[in-house]
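Asker: Attaching a single structure in structure tokens format; questions to follow.
The values are calculated or read from the model by the stated rules, or taken from the named source; none is laboratory data. All of these numbers come straight from a predicted model, not from anything done at the bench. Neighbour counts run over all protein chains shown; Cβ positions are idealised from the backbone, glycine included.
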Amino acid sequence: MNLKGLQFIEIVAVVIVLAAIGSGIWHTYGNELTSFASAPLSFGSFAATLEVISAMLIAVFIFVMVYSYMRFRTIRHHEHHHFKPIKTESKQADVRRVQWEVILGHANSENHAEWRLAIMEADKMLEDVLDERGYLGETIGEKLKAAQGRFGTLSLAWEAHKVRNQIAHEQQFDLTKRMTHTALAQYRAVFEELGIIG
């Protein structure tokens with residue numbers, strides 16, 4: 001049942017309770033009120049009037065309490081709807097997909113510098129994934145060694161990482177677009193096996 005349905009039921013319940021209280025008050029004090037209106041003022045009639053007023057104030061208090069509770073529930077529902085917790089795994093997967101799309105954008109550029117950037121960012125993404133999976137080490141090489149035998153595309157990760165090292169350490173290394181796409185295909189295979197991208 002949705003929130004509006006619950007609110008309608010609560011309102012009907014409040015009306016029924018107030019009607020029952022009003023009916024009870026009238027049944028209990030109706031004769032006294034009638035006689036009070038037609039008879040001269042006396043202490044007994046005054047006390048009866050105070051009882052009626054007290055009962056009415058209690059009814060109003062109950063109404064205010066129930067209404068406040070209903071408003072509190074409505075506000076909490078809206079807060080939960082607008083500020084509901086985000087599933088961490090889903091959010092992380094979305095971030096990785098966007099990150100991968102940015103890397104592919106660099107790879108598809110005609111700018112040689114962006115090809116290098118694509119490889120460097122893909123390798124950094126690989127390092128982050130290895131960290132998340134708990135493979136320890138000071139370098140990506142050490143982390144890949146720690147992952148030995150843990151997933152089938154490990155050899156592809158090594159091949160792609162070697163290209164990254166050539167870019168980082170060999171100033172004269174001539175990275176071609178074809179080499180970039182080959183390395184990214186290797187990274188992709190690793191990420192797909194690990195469920196990072198679909």
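Asker: Suppose we filter Ala122, Ala183, Ala118, Ala160 for residues that are among the small types (Gly, Ala, Ser) and under 30 Å from the mean Cα position of the chain (by Cα); which single one remains?
Answerer: When all the criteria are applied, what remains is Ala122.
Asker: Select from the stretch 125-137 the residues that are within 17 Å of Leu156 (Cβ to Cβ) and out of contact with any Lys or Arg (no Cβ under 6 Å at 6 or more places or on another chain) and write down the one among them that is modelled with the lowest pLDDT.
Answerer: Step by step, filter the stretch 125-137, then rank; the result is Arg133.
Asker: Being in contact (Cβ under 8 Å) with a residue 60 or more places away in the chain and of a type in the set (Lys, Arg) narrows it down to one residue among Lys145, Lys162, Lys177; which is it?
Answerer: Lys177 is the lone residue from the list that is in contact (Cβ under 8 Å) with a residue 60 or more places away in the chain and of a type in the set (Lys, Arg).
Asker: Inside the stretch 148-157, can you point out the residues that are over 35 Å from the mean Cα position of the chain (by Cα) and surrounded by fewer than 18 Cβ atoms within 10 Å (Cβ to Cβ)?
Answerer: Matches in the stretch 148-157: Gln148, Gly149, Ser155.
Asker: Check the stretch 187-196 and report whether any residue there is under 16 Å from Ile103 (Cα atoms) and exposed (fewer than 13 other Cβ atoms within 10 Å of the Cβ).
Answerer: yes
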